[in-house]
1. Starting from the Kirkwood radius over alpha-carbon pairs of the chain, derive D by Stokes-Einstein at 4 °C in a medium of 1.567 mPa s and give it in µm² s⁻¹.
2. Using label points projected 7 Å from each Cα along Cα→Cβ, tell me how many nm separate Asp72 and Gln19, to one decimal.
3. What are the residues whose amide H is under 5 Å from the amide H of Gln32, where those residues sit 5 or more places off or on another chain and H is modelled from the backbone?
4. Which net charge results for the neighbourhood of Gly102, defined as the other residues with beta-carbon distances under 14 angstrom from its beta-carbon, given Lys and Arg at +1 and Asp and Glu at -1?
5. Can you give the charge dipole size of the chain about its Cα centre, rounded to the nearest 20 debye, using +1 on the beta carbon of Lys and Arg and -1 on the beta carbon of Asp and Glu?
6. So, in nm, how far is label Met3 from label Asp86 when the simple model puts each one 7 Å beyond its Cα toward the Cβ?
7. Quick one: net charge of Val62's neighbours, Cβ under 14 Å, K/R +1, D/E -1?
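Any read-out appearing in this document is the output of simple, stated calculations on the displayed coordinates, not a laboratory observation. Quick caveat, the model's predicted, so the values are computed rather than measured. All Cβ positions, even for glycine, are placed from backbone atoms using ideal geometry, and neighbour counts span all protein chains on display.
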Amino acid sequence: GGMAYILAAVGPAADLQLQANQVNLDAVPSGQARFRVIHAVPDGPAVDVAVAGNEEPLVGGVGFGAVSDYQDITAGAYDLEVRASDGGQVVTAVQDLALDSGQVYDIFAIMRG
């Protein structure tokens, strides 16, 4: 009761694991959004997530199977880059991602087939 979870199937098909991640249901400060990163790419590098054009990541060093801590950020639309932690190479980018005030987000790193 009073708890929420995000379930993720992570890993290669031959060794798929079910991962339960508790959602932080605490009130989000006014004008803020809350997010975390869940890395579900088995052969992917550890990643950082940053606002495009900013060197400092919002979340850093998230490896396969790991879940970052939640981060509060000013609500708004962001251009985000997912970068390899070991050199900063952009792995993928998301443009104009809307993070609404008072909302909690789980951002998954996944592979498309």
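1. Values: Rh = 14.8 Å.
Rounded, D is 88 µm²/s.
2. Computed distance between label sites Asp72 and Gln19 equals 2.6 nm.
3. Answer set, sorted by chain and number: Ala75, Gly102.
4. Working: positive: Arg34; negative: Asp26, Asp72, Asp100.
Local charge sum for Gly102: -2.
5. Numbers: 4 positive and 14 negative charges, 57 e Å.
So the magnitude is around 280 debye.
6. Roughly 3.6 nm, to one decimal.
7. Working: positive: Arg36, Arg83; negative: Asp48, Asp69, Glu81, Asp86, Asp106.
It works out to a net charge of -3.
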